[in-house]
Structures are given as C-alpha cells and as structure tokens.
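Undergrad: Can you keep this structure in mind? I'll have questions shortly.
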Amino acid sequence: MSDIAQLEQKILGEIAAAKDEPALEAVRVGALGKSGSITALLKTLGALTPEERKTQGPLINGLKDRVNAALGERRDAFKDLALQARLNTESIDVTLPVREAPFEIGRVHPITQVTDELTAIFADMGFAVAEGPDIETDDYNFTKLNIPEAHPARDMHDTFFFNPKPDGSRLLLRTHTSPVQVRTMLTQKPPIRIITPGRTYRCDSDQTHTPMFHQVEGLVIDKKSHLGHLKWILAEFFKAFFEVDKVGMRFRPSFFPFTEPSLEVDIQCRRDKGELRFGEGEDWLEVLGCGMVHPNVLRNCGLDPDEVQGFAWGMGIERIAALKYGMADLRDFFAADVRWLNHYGFRPLDFPTLAGGLSA
C-alpha cells in the first residue's frame, strides 16, 4: 500500500473516531492546517520533476478532496445529532395563542387620532397648520387679544404663571392656542387661513376639565370674509368629523374679548341609551365658540380693520373626541391606563383620510 493510501486510511479513521466537533476540528488541522500532513505533501510538489508532478499532483489533490468531503459529512452528522438532542429535550406548547406583531399591539392615542382627523378635514378646505410655544408672554396670551390687565376675562382662564422676573413681568403656560394666531398675524400678510392645534393649560380638574388639554382654533383673515363663510366651514367640518350627511347647527350670542360679534355653537343631537347621535333628534349640544375677529386684535397685530377682517373659532380636542367615540371622563385621556388605550386606541397604520373614512 502506498504512503498516500496509508495516510488517507489513517485520516479517515480519525474522522470516523471523532466524538464531537472539537475533536473533528483537531483532525482537520492535523491534516489540512499549515503544518498538516496533507499540506506537507502539497509542499513537496515544487521539488518534483514535471513528470512526477503529473503523477503525484492528482493523487495528493484527490486525497485532499476526499478528506474534505469526509469532514463535511461528519460535521453534518454532528449537527443532526445536536438537533435531535435538542428536539428530545425541548417541547412547544401548540395550544398557546400566536403572539401579535408589534404593529398590531401598539395603539394610537385618541388625541393623536382626532388631531389627525381634523387636520385632514381642514387641509381639504385649504387650511395650513400653525404652531407656537407652550410658554407664552402675557402680551401674546392676553393683551394683544384685547384682554388688558385687570380685565375680568383673565379670571376665567385660571392661568399657570411662572415666578416674576426682575422687571416684574411673568411668563405663563398658554391658556389657549390664540397666541399662535397672534404670532401668525404679526409675521404673515393676509390672506391667512390656518388652524392651530396644540396643548393648553388651566388650573382646573374635574370630569369635564383637565389641567392640561388640547385645543384647535381656526383663523381666517382677508378682505371679504364674513359670518356666512364661518357657518359654512363649521357645518362642513362637523359633517365630515361626525361622518353624517347633515348636521343641524344653532348659533347663540355670547361674549369673548377677542371677537365681535361673538357666538357659541350648538349642534343638533339625539341622546339614545347613553349615546349621542348627531344630525338627528331634538336636543342641542354646545361644541365651540367663535366670532368675527375684534378690530382691536387686528390693530394690535399690525393689521388695518378698515382693510381686512376675519373670523376665528376654537374647540377642545378631548371634548369632541369624547363626543364622537363615547368617552365619559376626560381625565381618562391622561391616566396612562393601557386597558383604556387598548379599547379606545387606533391601529397605527390606519391613517385618517376623507376618501377612506376618518375612523375606518
């Protein structure tokens, strides 16, 4: 028997005798490593004559290929044994329910959903979204809105004030998003058509009030806007938002320092077994305040009331969300109760659109 045949028999015997993968790796290194027996044979080819290389070369390379194949088969056998051992020791309870994917478990908060819904509606009417800081000056939050110092309307806002500065002035947490309207009128020329959704703050907490809540206000400023335009915009909004074909509306005189005339809006509804149904019935529900922008507000923002006029409105996002989706207590919006969110939340990939349905 030739030396190559003897070496092959020896290496294949060691491969077959290997008890585990580390032992098999040791055999591989002993045969094919830098100092391995087969590697040593390959190195001798350079010293042979061309005729001898033609004979020895195929024999040595054939040995290398057969050893590699044997190593691969033995390695696969070890993997099969390991898998079989794992299957024998592990078990799967096929009666357990399948876990939902993360995007199925997560929920969009109703505040976010309703904000997206009303943004989609007003965007379809040509309104842009304007934003501003939560911390405001007294001037932007009150004075420029025709609410000077000592005005009784200030007492209605229950304001969170910061500590006074050395000059006596105080910053505050905005009590409405109207300062965003002021900032817009100061920086943009008419025509203006914006909505201003955002957080607002007041010292009040009960079933229908929370210290931090969300508002959306709208503002239109141009040369020919009037209450007829305002009524049409609100009617179209409520039809789209509550997803009804028609909605009855009632405008009542009211008072707001920043609008004149000022109006409160009720929408027609029917109370049925603890639920509210809009667009039908004989009851009325107050939903927002609105009016024509007061001339003093226009002057305070650098606009000439003899040249331009406009109207504005504001409503609480939590309140219209509760009306639409049947939530009894506004404090639940901020209770961080996962059970509540699982019940009232929305699937994250269901973006509200007018074409596909806001709450589909």
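Undergrad: Of all residues in segment 143-192, count the ones that are part of a helix (DSSP H, G or I) and either in contact (Cβ under 8 Å) with a residue 40 or more places away in the chain or touching a helix residue (DSSP H, G or I) at 6+ places or on another chain (Cβ under 8 Å) (or both). Explain how you work it out, then say what you get.
TA: Initial filter on segment 143-192 (part of a helix (DSSP H, G or I)): 143-145, 152-156, 178-187.
Now drop any that are not either in contact (Cβ under 8 Å) with a residue 40 or more places away in the chain or touching a helix residue (DSSP H, G or I) at 6+ places or on another chain (Cβ under 8 Å) (or both), which leaves 143-145, 153, 178-186.
Number satisfying all stated conditions: 13.
Undergrad: Going through segment 233-251 one residue at a time, which ones are more than 15 Å from L288 (Cα to Cα) and of a type in the set (A, V, I, L, M)?
TA: A240, V244
Undergrad: If you take the residues of segment 159-183 that are closer than 20 Å to C301 by Cα and of a type in the set (K, R), which of them is surrounded by the most Cβ atoms within 10 Å (Cβ to Cβ)?
TA: This residue is R174.
Undergrad: Let me ask something else about it. Restricting to segment 145-158, what's the tally of residues that are open to solvent by less than 40 Å² (accessible area, probe 1.4 Å) and modelled with pLDDT of 80 or more?
TA: 3
Undergrad: For segment 280-334, which residues satisfy the criterion of being modelled with pLDDT of 90 or more, among the small types (G, A, S) and open to solvent by 60 Å² or more (accessible area, probe 1.4 Å)?
TA: G302, the sole residue that qualifies.
Undergrad: Here's another thing I want to ask about it. Looking at segment 210-251, which of the residues that are outside any loop (DSSP other than H, G, I, E, B) and open to solvent by 70 Å² or more (accessible area, probe 1.4 Å) is farthest from L330 (Cα to Cα)?
TA: H229
Undergrad: Does V220 satisfy being modelled with pLDDT of 95 or more and within 22 Å of I121 (Cα to Cα)?
TA: Working: modelled with pLDDT of 95 or more: yes; within 22 Å of I121 (Cα to Cα): yes.
The answer is yes for V220.
Undergrad: Looking at segment 337-353 only, could you name the residues that are in a loop (DSSP other than H, G, I, E, B), at pLDDT below 85 and either open to solvent by 30 Å² or more (accessible area, probe 1.4 Å) or among the hydroxyl-bearing types (S, T, Y) (or both)?
TA: Answer for segment 337-353, where residues must be in a loop (DSSP other than H, G, I, E, B), at pLDDT below 85 and either open to solvent by 30 Å² or more (accessible area, probe 1.4 Å) or among the hydroxyl-bearing types (S, T, Y) (or both): R347, P348, L349, D350, F351.
Undergrad: Sticking with this one: Please work out if R107 is under 30 Å from I194 (Cα atoms) and open to solvent by 40 Å² or more (accessible area, probe 1.4 Å).
TA: Values: under 30 Å from I194 (Cα atoms): yes; open to solvent by 40 Å² or more (accessible area, probe 1.4 Å): yes.
Considered against the rule, which asks whether it is under 30 Å from I194 (Cα atoms) and open to solvent by 40 Å² or more (accessible area, probe 1.4 Å), R107 comes out as yes.
Undergrad: Can you name the residue in segment 57-89 that is within 54 Å of the chain's Cα centre (by Cα) and charged (D, E, K, R) and, of all such residues, is farthest from A5 (Cα to Cα)? Break it down into steps so the answer makes sense when it comes.
TA: Residues of segment 57-89 within 54 Å of the chain's Cα centre (by Cα): 71-89.
Of the ones still in play, those that are also charged (D, E, K, R) are 73-76, 79-80, 86.
Details: E73: 20, R74: 20, R75: 23, D76: 25, K79: 29, D80: 30, R86: 39 Å.
Here the answer is R86.
The values are calculated or read from the model by the stated rules, or taken from the named source; none is laboratory data. Just so it is clear, the model here is predicted, and its values are computed rather than measured. All Cβ positions, glycine included, derive from the backbone under ideal geometry; neighbour counts span all protein chains shown. We work out accessible area using only protein heavy atoms, side chains counted, and drop any ligands, DNA or RNA first. Shrake-Rupley method; radii C 1.70, N 1.55, O 1.52, S 1.80 Å.
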